[in-house]
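J.: First the structure, then my questions, so here it is.
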Amino acid sequence: MESFIPSTDPVLNSVAVSALVALVPLLTFFVLLAYVKVKAHVAGGVALLVALAVAVFAFEMPAGLAVLSATQGAVFGAFPVLWIVIMAIWLYQITVLSGRFEDLRRVFDVIGGGDVRVQAILVAFCFGGLLEALAGFGAPVAITATMLVALGIKPLKAAAAVLVANTAPVAFGAMAIPITTAASLTGLDAGHIGAVVGRQAPVLAVVVPLILVFILDGRRGVRDTWPAAVITGVAFAVAQVLCSTFFSYELTDIVAALAGLGAAVVFLKFWQPRGLEAARERMGLPALAVGSASVNAGGSGNRSRSAAAVKDGDSLTRSRTLLALFPYFLVILIFGIAKLWKWGADVPAFLASTDIKVPWLWLHDRLLSDAGEPVSSTIYTFNWLSSPGTLLLITGLIVCAVYAKYDDGGRYSMTVGNGVAEIFRTIWNMRWAGLTILSVLSLAYVMNFSGQTVSIGTWLAGTGAFFAFLSPVLGWIGTAVTGSDTSANALFARLQQTAGLEAGIDPNLLVAANTTGGVVGKLISPQNLAIAVTAVKLDGQESVLLRKVVGWSVGLLLVLCTLVYLQSTPILGWMLP
């Protein structure tokens, strides 16, 4: 099998024509999904075939290497991506099976004064931001979507709300790995890039809680709850600015999520939203009843009806509150240790040392860079222990054991065996969504390895000084294709740096813009759409969800494009560190 060096202009020796051809697989996917309305795994499969054809016939990639690229993408989609999603949903299912999620719902009733709109801000924006900081890779969307449905929010609105809420923290997600990746590829200072991102992403953080409420309850909901939404968003944004500038860019989202949550809790002690009962009626929720504790969480058939429902009138004791919150405290603890603990023993380094790196058979030595060297992206990393999915598995097993021990005299019913069995039920329930994720990641790898994605980026980078306006678009496209802001930076960070130097624009600004633009691309990423609809049990409804969020994605992207362009000029240049 011959070697292959990707080119950005294989079609008629034109970057523009090559880029337009490279867009065909993406257009195929989104047209099939949004307009033809086929199932997502079918759209993903057809788009993959189109990407293979473009790779072979337009970008002159050997057919064998194109197919091998797809297989590596599929394996990466299975592990770690699908593994993380399955474990996140399984952890939620444990709380449902045990009956503890009903207690958690009542806890949020107490914190949010029974207002599900405020509860959604706390869950999707604050708690989701914390999960994004620690785990990323789809886990926040999966977990918070199931939580919102369990609070009684309609599945489609819950899915749209968590996708929007997940935008603000993505740039600093998974311990700011997108920024670290960009710095390692460009040689720029990671702290400085992080500080610049900290002058862009907070703009989203201020408005995202308001958008979230609008999705759930329209303009009336915004009028009723805007003080709490603004306080939460501003606290989150200010913490992002301060932490990324003066403390640690890796810890930015942890600090911001806790700051937003703390500000909301304190503010709600002195202020309560209006129109609670009217809002519940508009949203199709039952009227609040004192002491009511009906189980409305989803689940697997009859098993979703908790093994022992909490009786009406039961008081929410301190122990029941702690056990309801226990899985999520444990998530924070285990991920905190795995990502941060370096006292006495360097836990992150130990976990990383267990990763198994596998050069992809026949592909690694034949897919070459311009310098004629094998590209590092053809090395598959099997992070069996350090994966967020494995950490969630450990968390879930501990939760099963604790719930089995503290069953409160038979009020709750949970065994470790039933908890483990739910893993296999979750895998079965996710079979079609899993196929979508595998096909989408295969599509992304074929486009990346054949040069299609970089061709699109190079075309956009040829616009001179105006590229400052377009630079977030590259991150948006990269994340939309791959589902990962980290992958978008791996694709385009060097390109952004080179374009900045040629156009006389600060490379740090453009690399940061690539990172920030990627966060709104995650809204329409097929991978994230599949995760969201699976979490709320709307399999096959990706096209409906896409139409619901694509406008927000494009609108927020235009805001970022304008912001970055003005930051490249004296008008807002003062914002940069």
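We did not get these values from a lab; they are worked out from the coordinates using the rules stated. In this text the structure is predicted, and so the values were computed from the model without any measurement. Note that each Cβ is placed from the backbone with ideal geometry, even for glycine, and that neighbours are counted across all protein chains shown.
J.: So for segment 373-464, averaging the separation of alpha carbon pairs under 8 Å that are six or more residues apart and normalising by length, what relative contact order in percent results?
T.: Taking the mean separation of contacting Cα pairs over the length of segment 373-464, I get 13 percent.
J.: Find how much the distance from LEU333 to VAL550 grows on full extension, using 0.36 nm per residue of separation minus their present alpha carbon separation; answer in nm with one decimal.
T.: 74.6 nm
J.: Okay, moving on. Once Lys and Arg get +1 and Asp and Glu get -1 on their Cβ, which of PHE108, MET61, VAL15 lies farthest toward the positive end of the dipole of segment 13-112?
T.: Among PHE108, MET61, VAL15, the one farthest towards the positive end of the dipole of segment 13-112 is PHE108.
J.: Enter the angle in degrees (range 0 to 90, nearest 10) between the Cα long axis of helix 139-150 and the first principal axis of the Cα atoms of the chain, meaning the one along which they spread out most.
T.: 30
J.: Please list 484-491, 554-561 highest first by mean number of surrounding beta-carbon atoms within 10 Å per residue.
T.: Sorting 484-491, 554-561 by mean packing, highest first, produces 484-491, 554-561.
J.: Would you work out which of GLY262, VAL331, GLY218 lies farthest towards the positive end of the dipole of the chain? Charges go on Cβ: Lys and Arg +1, Asp and Glu -1.
T.: In the chain, that residue is GLY218.
J.: Something else about it: With labels modelled as points extended 7 Å from the Cα through the Cβ direction, what inter-label distance (nm, one decimal) is found for ILE379 paired with ASN13?
T.: Rounded to a tenth, the inter-label distance reads 3.7 nm.
J.: Evaluate the charge dipole of segment 459-577 about its Cα centre and quote only its size in Debye, nearest 20, assuming +1 on the Cβ of each Lys and Arg and -1 on the Cβ of each Asp and Glu.
T.: Around 240 debye, computed over segment 459-577.
J.: How would the chain be classified by its alpha-carbon gyration tensor: rounded, prolate or oblate, with rounded meaning a/c under 1.5 and the a/b versus b/c comparison settling the rest?
T.: It comes out prolate by the Cα gyration axes.
J.: Still on this structure, please answer the following. Once the principal axes of the Cα atoms of segment 455-577 are found, what is the range along each, listed largest first in whole angstroms?
T.: Projected onto its principal axes, the Cα set of segment 455-577 covers 49, 27, 23 Å.
J.: Quick one: order LYS157, LYS522 by neighbouring beta-carbon count within 10 Å, fewest to most.
T.: Exposure proxy ranking, most exposed first: LYS157, LYS522.
J.: Report the FRET efficiency, 1/(1 + (r/R0)^6), for ASP370 and PHE57, where r is their Cβ-Cβ distance and R0 is 30 Å, rounded to 0.05.
T.: My answer for the efficiency is 0.85.
J.: Okay, moving on. Treat the count of other C-beta atoms within 10 Å as a stand-in for reagent exposure and order MET147, MET430 from fewest to most.
T.: With the fewest neighbours first, MET147, MET430 line up as MET430, MET147.
J.: Between ARG318 and VAL358, how many nm apart are label points set 7 Å from Cα along the C-beta direction?
T.: In this crude label model, ARG318 to VAL358 measures out at 5.1 nm.
J.: To continue, here is another question. Taking R0 as 45 Å, what FRET efficiency do you get between VAL67 and GLU277 from their Cβ-Cβ distance, rounded to the nearest 0.05?
T.: For R0 = 45 Å, the calculated efficiency reads 0.15.
J.: Once the Cβ-Cβ distance between VAL110 and VAL24 is put in as r, and R0 is 56 Å, what FRET efficiency do you end up with, to the nearest 0.05?
T.: 0.60
J.: Suppose each label sits 7 Å from its Cα in the direction of the beta carbon; what would the ALA465-VAL402 distance come out to in nanometres?
T.: 5.8
J.: A further question on this structure: Can you list the lysines whose alpha carbon sits under 17 Å from that of LYS37, skipping same-chain ones fewer than 8 residues off?
T.: Straight-line reach from LYS37, under 17 Å: LYS548.
J.: Under a straight-distance cross-link criterion of Cα-Cα below 20 Å, which aspartates and glutamates are reachable from LYS405, leaving out those fewer than 8 residues away in the same chain?
T.: By straight Cα distance, LYS405 reaches GLU102, ASP103, GLU422.
J.: Here's another thing I want to ask about it. Show which lysines lie in cross-link reach of LYS357 when reach means a straight Cα distance below 23 angstrom and same-chain residues fewer than eight apart are skipped.
T.: The qualifying lysines are LYS339.
J.: I need GLU373, GLU60, GLU422 ordered by Cβ neighbour count within 10 Å, fewest first.
T.: Ordered by Cβ neighbours within 10 Å, fewest first: GLU373, GLU60, GLU422.
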